[in-house]
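Beneath this line is the structure, given in structure tokens, with notes to follow.
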Amino acid sequence: MPTPLLLRIKFACFVVFLLQNPFESIGQQLMFEEQADGWMLLEDGQPRYFYQTAMKSKDGMYPRANYIHPLYNTDGEVITEDFPADHPHHRGIFWTWHQLWVNKQRAADPWICENIVWEVKKVKTAVNPNGSASLEATIIWKGTGAIKKNLIEEKLSVTYQRVSSSAYKLAFDIELKPLMKGIRLGGSEDPKGYGGFSPRIRLGDTPGFYDEDGKVMPQELPIAAGPWINLTAAGPNDPGTVIMGEPDELPAYQGWILRAKNSMQNLAFPGKEPILLDAKNPLRFRNQLLVHRGIGRQEIIDQYRIFRNQ
């Protein structure tokens, strides 16, 4: 029979092991799987998200790449939509705009996938010591219409990390550098002015929208709300997805475009008036999704604080 001293030594060694290997101790295994048209992140053998690198279309229409779909919740259910019947140009988790100009010439409409392709040049993946998994990519936005040139170089970083057994976070860091002089980006040319980071999340019959002050009611035009929106099945504590952003860091931020059916959700910027991109000071914006099976307001606030401090 082991002596009390030996038991204490074994217990101390086990504690040290847990501190040095926290994610191995709970059995979390993250792995990227390269496929013909993109990269799948697996957690304990179950899919979490797929990053689309190859151009993809529906019957030759709306060709697109460089977006996330499918995105899965912690129960393995797909929570994003691609080529939805109401807006077939919508695609999972995407980030783009209607207006892409070179000086005074309209080069493309990336929102509806017109006169543009996205060439994913290289992808780098890693599973990190802190239990996160990161994907980095370089993407060239290339005009295929009147201006057949490389227009924008994008640097993309996507980081996945577990928050608990029933929640995870997916952080996006995006940088856009113009490859020509006179490149301008703008949102929809109407009072809605939508454009930017745009999750197309599957919606139930009675979705709920909540910020840190409570319930938010979707409207046709952009609305003022907090820096995050918890999009749930219905009530504030129901399963859902929290969409986080940094409105104070966005140029010409318009507000939230929120829809209770048949659409994406959007932190709209810069509105209908295009902004000029600067090669020396590229446009950078960060967003995060918190996918959960029910989460409290204070925990969202805490996770948002962590996101802003990263």
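Tabulated results
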quantity	calculated
Stretch in the chain that is longest and holds no GluC sites (Glu not before Pro) that DSSP places in a loop and that have at most 12 other beta carbons within 10 Å	78-219
Charge-dipole axis of the chain as Lys and Arg at +1 and Asp and Glu at -1 on Cβ define it, positive-most pick from ILE147, SER198, THR159	ILE147
With 10 Å bins from 0: P(r) over the chain, alpha-carbon pairs, percent	6, 26, 34, 21, 8, 3, 2, 1, 0
Cα centroid separation - region 247-266 against region 167-182, whole Å	16
Difference of contour (0.36 nm per residue) and Cα-Cα distance, MET61 to ALA126	20.0 nm
Net charge over other residues, Cβ less than 10 angstrom from the Cβ of GLU249 (K, R count +1; D, E count -1)	+1
Computed FRET value (nearest 0.05) for LYS215 with ASP75, which takes r as the C-beta separation and R₀ as 22 Å	0.30
Estimated distance in nm for a label pair at GLU34 and ASP302, the labels positioned 7 Å out from Cα along Cα-to-Cβ	3.9
Trypsin sites (Lys or Arg not before Pro) restricted to region 96-129 and DSSP loop, no more than 15 other C-beta within 10 Å	LYS104
Mean Cα-pair separation over length for region 90-162, i.e. relative contact order, pairs under 8 Å, 6 or more apart, %	24
Long pairs among LYS122/LYS169; LYS124/LYS169; LYS122/LYS261; LYS169/LYS192; LYS149/LYS169; LYS58/LYS142, criterion Cα-Cα beyond 31 Å	LYS122/LYS261; LYS149/LYS169
Positive minus negative residues near LYS272 (Lys, Arg vs Asp, Glu; Cβ under 9 Å)	-2
Positive-end extreme of charge dipole, the chain - chosen from ALA252, TYR49, GLY76 (charges on Cβ)	ALA252
Unit charges at the beta carbon, dipole of the chain: most positive-side option, ILE229, PRO88, LEU283	LEU283
Normalised contact order of region 30-94, rounded percent, pairs of Cα under 8 Å and 6 or more residues apart	22
Cα centre as origin, Lys/Arg/Asp/Glu Cβ charges: region 28-309 dipole, Debye	880
Ranking of TYR51, TYR72 by count of other Cβ atoms within 10 Å, fewest first	TYR72, TYR51
Degrees separating the helix 297-309 axis from the principal Cα axis of the chain, which is the longest one	70
Helix 4-20 axis, angle to the chain major axis (alpha carbon atoms, nearest 10°)	10
Residue-count net charge about ASP190 - beta-carbon cut-off 11 Å; Lys, Arg +1, Asp, Glu -1	0
Length-normalised contact order for the chain - Cα pairs under 8 Å, 6+ apart - percent	14
Cα centre as origin, Lys/Arg/Asp/Glu Cβ charges: region 209-259 dipole, Debye	240
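Any read-out appearing in this document is the output of simple, stated calculations on the displayed coordinates, not a laboratory observation. Predicted, not measured: the structure shown is a model, and the values here were computed from it. A quick note on method: Cβ atoms are made from the backbone with ideal geometry, for glycine too, and the neighbour counts reach across all protein chains shown.
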